[in-house]
Amino acid sequence: MFFRVALALLAVLQDGAKQPDLELSPFHFPARVGGAASAFPSWLVADGSPALVATHFGEEDPFLELCWIEGATGHAGTLVTGQGWFLNWADFPAVAGLADGTRLVAWLELEPAHPHSYGTRFSILAPTWVNGDSMESRSLPRPLEEHRGPGEHGFVSLAPLDETRFLTLWLDGRAAADHDGDTRVYARTIDRAGVLGAETLVDARACSCCPTALVRLANGTHLAAWRDRSEEEVRDIALARFDGGHWSESELLHADGWEIDGCPVNGPRLAASPACVAATWYTGADGSVRVSFGDSRVRGFGAPIRVDDGSPEGRGDLAFLPDEQGPVAARGARVQST
């Protein structure tokens, strides 16, 4: 099994921006179980290095695997295994880590008592390797959300909060389960022992099936992004900041003005460097994938830069990497299985 990673380099120079160069690079994702199939890959930067997370399908249970990109090969380790998972191409598992190596892993499971419903699950993984390749869990799988009734809960984003805690963000369908309410954005903290902080309502009305994004900024605050849903069905990208104790009021990343009576299943992604923060998203206002940069220490983003070459599906990703030709570079990745 291997994945094809499309890397688009967008260098931000003092005299402006240029259109990205596109490079396609095959990457072999080692499956350690004979005959296992891989799906739902996602790209992340963990411990300063690029990595992929994918779901593998064993003979009985699916399992998540984290693979570090090390040249043409990589090292893979199993994160969690289980049964009854809700697996789909849009809402894939999430992983985040603390400086001591503790990892938080989140995925989705079906709710047998409620048809067409599913909820989040998370597990805390210890920073020790078992048998040379697999991390030992510190906690049994538990839901992020307090709600236990019917509804859809997912599109989880994770980020380290400080040395001992994580911050989580997700879409919550408890109010929409009866078709009269709206999908909401919730957040809460989790410490490395698995202790949950109080739920916080971040947005009372959001697009129901677009991925969320969450990133820690250089000043210790956090920036969250999701697809908003106005009363007029304008579904542009919303932002909110968390200062460690409180969430700010939400605001638009950019007023695209995309009005659509339905969920496009196309959410934003965020990345941050010590000096800069970047966002990428798709808008149907002109059918483009956009990237916008801002100062990680203050609010506000610059004018969007179109990075696609025509008729994109969206669903991009990006991460900051060192670049000798300019003060900032963002590298966006499109990952697909082949």
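Which value in nm describes the separation of the simple spin-label points at Ala99 and Glu60, placed 7 Å from the Cα toward the beta carbon?
With each label point 7 Å from Cα toward Cβ, the separation is 4.1 nm.
By per-residue mean of other Cβ atoms within 10 Å, what is the highest-first order of 206-212, 117-123?
Put in order of decreasing packing, that is 206-212, 117-123.
In the range 191-209, whose amide N lies under 19 Å from the spot 7 Å out along Cα-to-Cβ of Asp182? List them in ranges.
Residues 200-209 qualify, since their backbone N sits under 19 Å from the label point.
Would you mind putting 97-103, 197-203, 245-251 in packing order, based on average other-beta-carbon counts within 10 Å, highest first?
Packing order, densest peptide first, comes out as 97-103, 197-203, 245-251.
Please get the size of the charge dipole for the range 207-327, origin at its Cα centre, with Cβ charges of +1 on Lys and Arg and -1 on Asp and Glu, quoted in debye to the nearest 20.
Taking the Cα centre of the range 207-327 as origin, the dipole is about 480 debye.
Order of 220-229, 256-265 by packing, highest average Cβ count within 10 Å first?
Numbers: 220-229: 22.1, 256-265: 14.8.
So the peptides 220-229, 256-265, ranked by packing, come out 220-229, 256-265.
Using square roots of five times the C-alpha gyration tensor eigenvalues, list the equivalent-ellipsoid semi-axes of the range 152-200 in whole Å, biggest first.
Rounded to whole Å, the semi-axes are 25, 9, 7.
For Cys276, enumerate residues with amide H under 5 Å from its amide H, sequence gap 5+ or separate chain, H modeled in the peptide plane.
Ser296
Extending each Cα 7 Å along its Cβ direction at Ala285 and Glu163, get the distance between those two points in nm, one decimal.
Once both label points are built, they end up 4.4 nm from each other.
Determine one quarter of the surface area of the Cα convex hull of the range 146-298, which equals its mean projected area, and express it in nm² to one decimal.
It is 9.0 nm².
On the accessible surface of the range 259-321, probed at 1.4 Å, how many percent belong to carbon and sulfur atoms? Can you show the working numbers first?
Numbers: 1260 of 2680 Å².
Of the solvent-accessible surface of the range 259-321, carbon and sulfur hold 47 percent.
Quick check on the range 209-282: what are the equivalent-ellipsoid semi-axes from the Cα gyration tensor, as sqrt(5λ), descending, whole Å? Before the final figure, lay out the partial values.
Values: eigenvalues 110, 33, 19 Å².
Square roots of five times the eigenvalues give 23, 13, 10 Å.
The values are calculated or read from the model by the stated rules, or taken from the named source; none is laboratory data. From a predicted model like this one, the values you see are computed outputs, not experimental measurements. So basically every Cβ, Gly included, is an ideal-geometry build from the backbone, and we count neighbours across all protein chains shown. Ligands, DNA and RNA are excluded from the accessible area calculation, which covers all protein heavy atoms including side chains. Shrake-Rupley method; radii C 1.70, N 1.55, O 1.52, S 1.80 Å.
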